[in-house]
Amino acid sequence: MTTPINTFILRAAGVAKQVALNGVALTILHPASFDIRRGESVAIVGASGSGKSTLLGLLAGLDLPSEGEVWLDGQALGSLDEDGRARLRGALIGFVFQSFQLLPMLTALENVMLPLELNGASDARARAQHWLERVGLAERQRHRAQQLSGGEQQRVAIARAFAVKPALLLADEPTGNLDAETGARVIELLFELNREQGTTLVLVTHDTQLAGRCGRRLQLRAGHLEIGA
Amino acid sequence: MNIVRLALRMLAREWRAGELRVLVLAVLIAVAGLASVNAFTVRMHLALSQESNRLLGADMVLVSDHVPAARLIAEAQRRGLATAQTALFPSMVSTPQQSRLAEIKAVSNGYPLRGTLRIADAAFGADHPADGIPRPGSVWLEARLANELQVAPGGSIQVGYSQLKVAAILTNEPDRGGDFFNLAPRLLMNQADLPATGLIQPGSRVGYRLLIAGESKAVESYRNWLAQHLERGQRVLGVRDARPEIRNVLDKAERYLGLAVLLAAMLAAVAILLSARHFLRRHLDACALLRCFGASQRNIVALYAVQIAVLGVLAALAGVALGYAGQMVLAGLLGKLANLVLPPANGLPFLQAALAGLVLLAGFSLPTLFALRRTPALRILRRDGMAFDALGAASYLAGLAALTALLFWQVRDTRLTLMVLSGMGATLLLTVLLAWLLVLGAGWLGARSRGSWRQGLLNLRRRAGGSVIQVSAFTLGMLALLLLTVVRGDLLNNWRATLPADAPNRFVINIQPDQVAPLQVFFRSHGQAEATLYPMIRGRLTAINGHAVNVAAYADQQTRRLLEREFNLSYADRLMQQGNQLVAGYGWNSANAAPQFSVEQGIAEKLHLKLGDSLSFDVGGTPVSAHITSLRKVNWDSFRVNFFVIANSSLLKNISASYITSFYLPAQQSDVLNEMVKAYPNLTVIDVSAIMKTVQDMLDRVTAAVQFVFIFSLASGLVVLYAALAATRDERALETALWRVLGARRGQLLVAQVTEFAAIGLLAGLLAAAGASAIGWALSSEVFNLPYHFNPMLWISAMGLGSAGVALAGVAGLWGISREAPLATLRAAV
């Protein structure tokens, strides 16, 4: 490969995952190799149990592959310890989850501030407020997660993800828990902000329409990766 | 990154959500309990050490069972030391209308050498320091005695053969034991009046004291000199061993209250463990999320450690405040018993209690916290197969170590620590094992039954772990309660039941030989024909089988004291008396039988005596020897006059004796006593029922103190219960919501819940009743030698109250949930 390393935010080389289940080795993900360029938007699609979430976890360094290696911003994840990977995640990645994952005891504003504070941002509050405004929830910042609707919660999660100015945004079934109309609005927001911020977007979905909006799709079938256009 | 700020913000949120209150309550109770008990005992110790001279009334005291030799006093005075003497004995004192037993103390000029006497001009009037001691011809009475005799300063009373003037009410006597150690009120008189009263007769038991005070070097050198000149029946008390009886009781109180409060601390530890696990388990997702956001393991630990530390410190502070109030309650209950002016406690015991609470908190929450640190971030994406890894047993070693350290610190005795630890461990293990069997049994029953309550019973088994913890926690709490209430009451009642209704309630001592015949006439004319008068002679055991008695060879303290003192010997023409049973050898039936001794079985064992051994006594200078020809078993509970050693008449009848008798006097005939004391002023009547009442009062106070400390245990037990309920609350909430979705009516839900909780309470009640009965039986038969009566009420009340109480508490805790719309619960649970 002649392209400078910096061109790729993510590189996966022969990444595979096996787990032992009741003493039987089970392959969840067969060896897969691909690169993702900065600013790209990529959809990982596949049916339930095809290994989508496993792959996402490996790309984020939430888990280590049984074989192969993942480079995040040029850093081999396998060469870092758990804390090292956590630091790298904190610096580079924003997450949006299917089940929102807001901390129930914190307000919307505090939820957005949380990763900023973990990264030692001095202007955490101002930035969090700014991003809540951007997702249209300026009025709800003092409300707790449980007092918000599903769509609102996911917008808070999006604000939280973008607030850290991530180089890479990972979204796991971001509309999975939302009705079609709300889901569509959330997706609009996600893509709009993604364009505006120039973030690399990797999203996992089984929604083909949503996948179609991405620049490229990685199709998983029973643990085998098929790389599309 | 400002972890502390984040931690505090999360803490504030958590606090409002109510999750952490259990943790705080548990620490608070443990600290409050420990602080109460320890601050109280520290105050007692401070009082003892700060006032030890005053408590002794001198710098050094020679205690003697006979008048100290003049040369001992002369030697002290030669060394420039101040001296004073006291003689202490019980005797009847009377007015024309009343007679009462008093503890008479005759003192010489100069008494007390340290501290001051305080007197008042009227009973319960304002007091002032006394100027010296009662003048010859006058006495000072304690207010209680003046009241009972209905006499005031200015009046006069009969003391032995003397008529003495009451000059003042005695309000404080520096070297007096508290209520705890005095069975009769005090009368203070001048030593110069003593011979005329005729109260000191052969056979009278009088405690003499020679008080010494002066420059400390001189006191020390006199003490060394005195050590070379001590006679038998004499010992020296220094300031360090002032009031050994208080120190003794204090030692025991410290241990027992300490152990009682440890139960609270241990239960608190269980509550801490349960709630810490529950709290941290609920934060697994939060931790996984934080890991996604780049938090390091250290960040995670710091985040939660800060929260737990802040909580711990706040709880400890509140516990210290509560403990401050608690130690005042204990001082109020027990301080008076020892007549000590308690100085305020210093900060140390409070600080120690707070630290102990924090150590417990750390020991039982940190293992869980360190497990939390390892939460896999992947959990956020895949919940399956990412169960919280159960903590290995090794993780709890920290908690166990904390508890052991606390236990050792509290009892300061390795052997006792190990005993308590293994005892509690065994009890806990047995409880858990039995609870487990019962839970399985209930599940088995559930599987074979129908209706809503079938689900309740099945739930017990489905949540077996939680159910066992809940049953065990309840069992321990209820066991403590049952022991303090039902079992204690049963034991007292059983003991009372063994006493015949006409058990003697009056003892008369100091009867002189020439009074025996007229008194027998007196008794017969007053319906007391049964009253037998026994001769009583005091003698010191000097040799066994010709070898001089070596007191130091006996390990048992009680035996040593017995040998130091004089025995009460008696003699009879025929050996057997009521309540005695021959267990070995032969008695005698005639006054002319050969000289011989009969010895009580228990004392024979203590002194390692057997049939055929020869005993030598020194009876007022006369040596007396004979062989043991029989051993007797004595029923001491009969309240009849009994003797350790009885001789054949031919051995002792020529030695002057005083006589003793006991009889039952119905309450309405108490004027018989006044008549008797008036006719024979030297007699001392001991009112057993009054003494029993005093003992009962003291026992009540001590029990109240122990019960007070058990309040902390009970509170801890409730917190454990709450924590155990809270730990399964989420699961129950989800289950309830699902039931509702599936169409269960509230009534059905209620039946299932009540069944489950009531079964837990019932099983705990059953186990607690079984435990309490077993302990009650063991105490009855092994310790107190009482017949044990099965008490069905114990079982009924334990199981009834247990099931009703737990059902109520449990259903109340879930009330909100079953009223909530199921969807809200289900959505929150996703």
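The values are calculated or read from the model by the stated rules, or taken from the named source; none is laboratory data. Note that the structure is predicted; figures quoted are calculated from it, not measured. Backbone-built Cβ (ideal geometry, glycine too); neighbour counts: all protein chains shown. Please note that ligands, DNA and RNA were not included when accessible areas were found on the heavy atoms of the full protein model with its side chains. Shrake-Rupley method; radii C 1.70, N 1.55, O 1.52, S 1.80 Å.
Take every Cα pair under 8 Å whose residues are at least 6 apart in sequence, average their separation, divide by the length of chain B, and the relative contact order is 17 percent. In this structure, the pairs whose alpha-carbon distance is over 27 Å, taken from B:K105/B:K693; B:K633/B:K653; B:K105/B:K217; B:K653/B:K678, are B:K105/B:K217; B:K653/B:K678.
Interface B-A: total buried accessible area of about 2800 Å², 1.4 Å probe, protein heavy atoms only. Given a Förster radius of 22 Å and the C-beta distance between B:D700 and B:A497 as r, what FRET efficiency does 1/(1 + (r/R0)^6) yield to the nearest 0.05? Once rounded, the FRET efficiency stands at 0.65.
With 0.36 nm allotted per residue and the present C-alpha distance subtracted, the B:R450-B:L8 stretch has 154.1 nm of extension available. Annotation: lysines with alpha-carbon distance below 20 angstrom to A:K52 (same-chain offsets under eight excluded): A:K17. Along each principal axis, taking the top coordinate minus the bottom one, the Cα set of the range B:54-245 gives 51, 38, 29 Å in descending order. Calculated on C-alpha atoms, the gyration radius of chain B divided by its Kirkwood radius gives an Rg/Rh of 1.07. Each residue of the range B:160-169 was assigned a 3J(HN,Hα) from its phi angle through the Karplus expression (A = 6.51, B = -1.76, C = 1.60, θ = phi - 60°), giving x, 8, 9, 9, 10, 8, 7, 9, 6, 9 Hz with x at Gly and Pro. Between the range A:136-161 and the range A:209-228, the alpha-carbon centres lie 30 Å apart. Within straight-line reach of B:K610, meaning a Cα separation under 14 Å, sit the following aspartates and glutamates at least 8 residues removed in sequence or on another chain: B:E600. By its C-alpha gyration tensor, with a ≥ b ≥ c as the square roots of the eigenvalues, how is the protein assembly as shown shaped: rounded for a/c under 1.5, else prolate for a/b larger than b/c, else oblate? Because a/c hits 1.5 or more and a/b exceeds b/c, the protein assembly as shown counts as prolate. To the nearest ten degrees, helix A:108-118 and the longest principal axis of the Cα atoms of chain A are 50 degrees apart. Hydrodynamic estimate: the Kirkwood radius of the range B:506-663 over Cα pairs, inserted into Stokes-Einstein at 20 °C and 1.002 mPa s, corresponds to D of 132 µm²/s. Each label point was placed 7 Å from the Cα along the Cα-to-Cβ direction; for B:R144 and B:D671 their separation is 2.7 nm. Helical runs assigned H by DSSP (4 residues or longer) give chain B a calculated mean residue ellipticity at 222 nm of -18500 deg cm²/dmol, each run adding -39500 (n - 2.57) before division by the residue total. Each label point was placed 7 Å from the Cα along the Cα-to-Cβ direction; for B:A426 and A:S79 their separation is 6.2 nm.
Placing a pseudo-label 7 Å from each Cα along the Cα-to-Cβ vector at A:A126 and B:R118 gives an inter-label distance of 7.1 nm. Need the C-alpha centroid separation for the range B:126-200 versus the range B:2-34, integer Å. For the range B:126-200 versus the range B:2-34, the Cα centre distance is 60 Å. Between 0 and 90 degrees, the angle of helix B:452-462 with respect to the longest Cα principal axis of chain B falls at about 80 degrees. Here's the picture: a label point sits 7 Å out from the Cα of A:S149 along the beta-carbon direction, and within the range A:165-188 the residues with their amide nitrogen under 19 Å of it are A:174-188.
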